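First the structure, in the form of structure tokens, and then the observations on it.
The values are calculated or read from the model by the stated rules, or taken from the named source; none is laboratory data. Source: prediction; values computed, not measured. Using ideal geometry, Cβ is built from the backbone for each residue, glycine included, and neighbour counts are taken over all protein chains shown.
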Amino acid sequence: MSDTAMTRREWLLTDRPQSRTQARLGRAYVTWRRFTANKLAVIGLVIILGLLFVAAFAPLLAPKSPYIGDLKNARLMAPSAEFWLGTDDQGRDILSRLIYGSRLTLQVVFLVAVIAAPIGLLVGTVSGYAGGWVDAVLMRITDIFLAFPKLVLALAFVAALGPGIENAIIAIALTSWPPYARIARAETLTVRRSDYISAVKLMGASPMRIVLRHIMPLCISSLIVRVTLDMAGIILTAAGLGFLGLGAQPPLPEWGAMIASGRRFILDQWWVAAAPGVAILIVSLGFNLLGDGLRDALDPRSAGQ
């Protein structure tokens, strides 16, 4: 059995792969080894996998309804054997609301990443490859967005679009793409005059094909790292909008809105606001640890280590 494992390991680590599949699997294996060598990154991965598990099986894990509570008999009850994290001012189980709120958190993070990352990637690569006035115009637009604090700009967009979880997602996405554009432009500037791109030009590839098929894939790893690191900020921005009443609307169990509803009881019934606050802290920490681990694992300078 050990000989078989050693053979597979040597097959993955060979410096002379026999196929593209072997080369890809070898790179993935090396990246995974670098990632798992970072214990904090593994902890971050476990936290995010736990979040995914909780969101996927929320109906099975939640002990009570997240929307309906016993206002007469269970209002603002302290943590107990029946209500592990206590109840809120509507008599609803806080643990159940946190479990269902994980779905809203993942929805915001996923949709913002899906909207903002491609926009930033396209703007950055086109700007870096085209240069000239195109680069100047696109980067000045990017600078305008970067000049405003993200939460303030998101508040402005939500005020224009109206409160709601969908508008909050759009607003956060509109404020999240500029850093991705900067990263993609920097990556493009380093490779646009390389021999690899020159060879593609000689083969007759159009500028659009060069950007889409040959430059964008080179920017993906850096973009993944930045998106992962930004997810904690996305969660905090969404929670801030929810806290101000501009994000998810009641009775949705959004963590920021839960903190807002519990701030009136922070001195006596502290668990109402503390529970969602701790949830935001843990998930944000998990994304930060995961992003740091991915940055180290995908860093080409660590390939020889």
Legend entry - Selection from the stretch 155-206 of residues that are among the aliphatic types (A, V, I, L, M), under 13 Å from residue 128 (Cα atoms) and surrounded by 15 or more Cβ atoms within 10 Å (Cβ to Cβ): 181, 183, 184, 189, 191
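Applying the selection to the stretch 237-264, what residues are without any contact (Cβ under 8 Å) to a residue 60 or more places away in the chain and not in a loop (DSSP other than H, G, I, E, B)? Walk me through it before giving the result.
Within the stretch 237-264, the first condition is being without any contact (Cβ under 8 Å) to a residue 60 or more places away in the chain, and the residues that meet it are 239, 243, 250, 256-257, 259-260, 263.
Result: 239, 243, 256, 257, 259, 260, 263.
Answer yes or no: is there a residue in the stretch 94-107 that is outside any helix (DSSP H, G or I), of a type in the set (S, T, N, Q) and more than 16 Å from the chain's Cα centre (by Cα).
First pass over the stretch 94-107, keeping only residues outside any helix (DSSP H, G or I): none.
No: zero hits.
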Inset, instruction - Test each condition in (1) touching a residue at least 24 places away in the same chain (Cβ under 8 Å); (2) under 21 Å from residue 116 (Cα atoms); (3) of a type outside the set (Val, Ile, Thr) for residue 214 and report the one that comes out false. - result: (1)
Inset, instruction - For the stretch 186-209, indicate whether the set of residues that are of a type outside the set (Gly, Ala, Ser), under 30 Å from residue 51 (Cβ atoms), modelled with pLDDT of 85 or more and part of a helix (DSSP H, G or I) is non-empty. - result: yes
Inset, instruction - Scan the stretch 25-45 for residues that are touching a residue at least 60 places away in the same chain (Cβ under 8 Å) and in a helix (DSSP H, G or I) and report the count. - result: 11
Inset, instruction - Return the only residue of 109, 114, 123 being closer than 29 Å to residue 52 by Cα, crowded, with 21+ Cβ neighbours inside 10 Å and of a type in the set (Val, Ile, Thr). - result: 109
Inset, instruction - With the checklist (1) of a type in the set (A, V, I, L, M, F, W, C); (2) surrounded by fewer than 13 Cβ atoms within 10 Å (Cβ to Cβ); (3) without any contact (Cβ under 8 Å) to a residue 60 or more places away in the chain; (4) more than 30 Å from residue 291 (Cα to Cα) in hand, flag the one item residue 152 doesn't pass. - result: (4)
